[in-house]
Amino acid sequence: MSASRFRCAACGATFEADVATPYRCPQAALDPEADHVLTPTLDAEGTVWPNGDDPNPFIRYRTLLHAWHRLRAGGGSDDTWCELVTGLDERVAAVDGVGFVVTPTHMTDLAGRSVFKDETGNVAGSHKARHLMGALLHLEVTRLLGGEPDERRLAITSCGNAALAAAVLARASERELDVYVTPKAGHIVLNRLRDLGAAVHFQRRGDESGDPCYRAFRQAVEQGAVPFSVQGPDCSVALDGGRTIAWEFADQLRANDLRVDRVFVQVGGGALATCLVRGFDEAHALGVLESLPRVHAVQARGVSPLVRAWEAIDSASDPAAALRDAARHRSQCMWPWDEIEPSIASAIVDDETYDWHAVIDGMIRSKGDPVAVSEGALRRAHELVTTTLDVNASATATAGVAGAFTMQDHGTSFDGETLAFLLTGVNR
Ligand SMILES: Cc1ncc(COP(=O)(O)O)c(C=O)c1O
Ligand SMILES: [Zn+2]
């Protein structure tokens, strides 16, 4: 048995590193009422925090990644992993101009003492490439271990950042990609997707509830495409590499002797917050973080299914028990939002929070809670962060700060505390 495995919180299905990780929990189709999501799980016992200084996070933190454990359990060497990552990274840099490096942090006094992790210079301009590089490494490891050469097309649903990241990685690994996207996606994104050779398929809203792009993506997967998206229920392996942000953030906090009291994270589909919670949990278990900071998930008020789910769980006499129950009965607290209102934080406007369970679990355990923010708060945060820090972040990327401002407006004091934020993507 290896130290790393994927496990489903709803049914307990477990996949060790000696077998390929399924994209979906096998029980999902048989039992759609439960919230089947395979999530990476690392044993603290027997795992040592990596102390290397390689600039590439997929090399520095490799021993924490399930894809690395999978390669090792299949007989591949550590050198093979490093060659794989380095080779892919060179091709990514040739396609996009930048490869994967540990991203910088900035300190300010914006909403109390604040530390920002800046993903705007990451591959394809956002943190999404972290999730998808992890997913690509799983595909490449399967190929290396002598699985069938995988010629299948990749499929993704996204309105922007994730699609761009997927298109860069598909191009770098010479794979074909189908992108299911709303006709409202911006020209800059669409032109870049086409330049990168992705096939773009527009999906319009009809009478059915839920996201039409997500439905088309699911259909493509059912017809044989590889899910290459950033939703854990459909592409479990995207939750592997997303944790690199949290691991390196934890190292940067330790190096600067910073103890963070709260972390604000903008939530659309929920994979980012899931990886942040899991990655911080691991950093805590391995002695790098003193404790899990209070987690505050931030959503735009006009579309806030995670806040709605939180209210259902938090109002129970025993929220942790209510959450365990909700994992078996997903529709009690998570279903598509009815009226989709536009927001300047457009990348967090998701009909459903696909990865909601681990985020609510993280908020319960850390004594945090979610914040729904107004468009005014989002605008104020965007203006202040981009002028104060001189970072060209999008309004989605600065939405965490809108969460802190909103809590202050409602009377919360952050006196004496240190807050953490993730500037997740560039303004296009
Ligand atoms: C810049 C940016 N930040 C945050 C998010 C939210 O991530 P998630 O959908 O995993 O919650 C997104 C998602 O599209 C994004 O593009
Ligand atoms: Zn399951």
Looking only at region 379-428, count every residue that is touching a helix residue (DSSP H, G or I) at 6+ places or on another chain (Cβ under 6 Å), in a loop (DSSP other than H, G, I, E, B), over 22 Å from D369 (Cβ atoms) and not small (G, A, S) and tell me the total. 1
Condition check: more than 16 Å from ligand 1 (Cβ to nearest atom) and either in contact (Cβ under 8 Å) with a residue 60 or more places away in the chain or more than 22 Å from L144 (Cβ to Cβ) (or both). Does R72 satisfy that? yes
Would a scan of region 266-283 turn up a residue that is in contact with a Lys or Arg (Cβ under 7 Å, 6 or more places away or on another chain), at pLDDT 95 or above, surrounded by fewer than 21 Cβ atoms within 10 Å (Cβ to Cβ) and of a type outside the set (A, V, I, L, M, F, W, C)? no
Only listed residue being touching a Pro at 6+ places or on another chain (Cβ under 9 Å), more than 23 Å from R379 (Cβ to Cβ) and either of a type in the set (K, R) or surrounded by fewer than 24 Cβ atoms within 10 Å (Cβ to Cβ) (or both), chosen from Q332, Q252: Q252
With (1) touching a Gly at 6+ places or on another chain (Cβ under 8 Å); (2) more than 12 Å from ligand 1 (Cβ to nearest atom); (3) more than 30 Å from A28 (Cα to Cα); (4) in contact (Cβ under 8 Å) with a residue 60 or more places away in the chain as the list, and G368 as the residue in question, which single condition is left unmet? (3)
Name the residues in region 300-357 that are among the polar types (S, T, N, Q), assigned to a helix (DSSP H, G or I) and within 25 Å of A29 (Cα to Cα), would you? S331, Q332
Applying the selection to region 139-167, what residues are over 16 Å from the mean Cα position of the chain (by Cα) and under 19 Å from A220 (Cβ atoms)? L139, D150, E151, R152, R153, L154, A155, A167
Kindly indicate the residue of region 195-245 that is touching a helix residue (DSSP H, G or I) at 6+ places or on another chain (Cβ under 6 Å) and at pLDDT below 95 and also nearest to V181 (Cα to Cα) among those meeting that condition. Q203
Filter result (loosely packed, with under 15 Cβ neighbours inside 10 Å and either more than 15 Å from ligand 2 (Cβ to nearest atom) or among the aliphatic types (A, V, I, L, M) (or both)) within region 1-27: M1, D18, V19
Tell me the helices (runs of 4 or more DSSP H) entirely within region 1-102 that contain at least 2 residues that are among the hydroxyl-bearing types (S, T, Y). 78-96
Conditions first: (1) within 13 Å of ligand 1 (Cβ to nearest atom); (2) farther than 20 Å from M407 by Cα; (3) surrounded by 23 or more Cβ atoms within 10 Å (Cβ to Cβ). A326 passes all but one, so which condition is the exception? (1)
Find all pairs meeting these conditions: Cβ atoms under 9 angstrom apart; at least six residues apart or on different chains; first residue within region 34-45 and within 16 Å of ligand 1 (Cβ to nearest atom); second residue of a type in the set (D, E). V37/D355; T39/D355; P40/D240
Taking only region 49-71 into account, find how many residues are more than 21 Å from F249 (Cα to Cα) and touching a Phe, Trp or Tyr at 6+ places or on another chain (Cβ under 8 Å). 1
Counting just the residues of region 97-135 that are out of contact with any strand residue (DSSP E or B) (no Cβ under 9 Å at 6 or more places or on another chain) and more than 16 Å from ligand 1 (Cβ to nearest atom), which one comes out modelled with the lowest pLDDT? D109
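The values are calculated or read from the model by the stated rules, or taken from the named source; none is laboratory data. Bear in mind that the values here come from a model prediction, so they are computed numbers and not experimental data. So basically every Cβ, Gly included, is an ideal-geometry build from the backbone, and we count neighbours across all protein chains shown.
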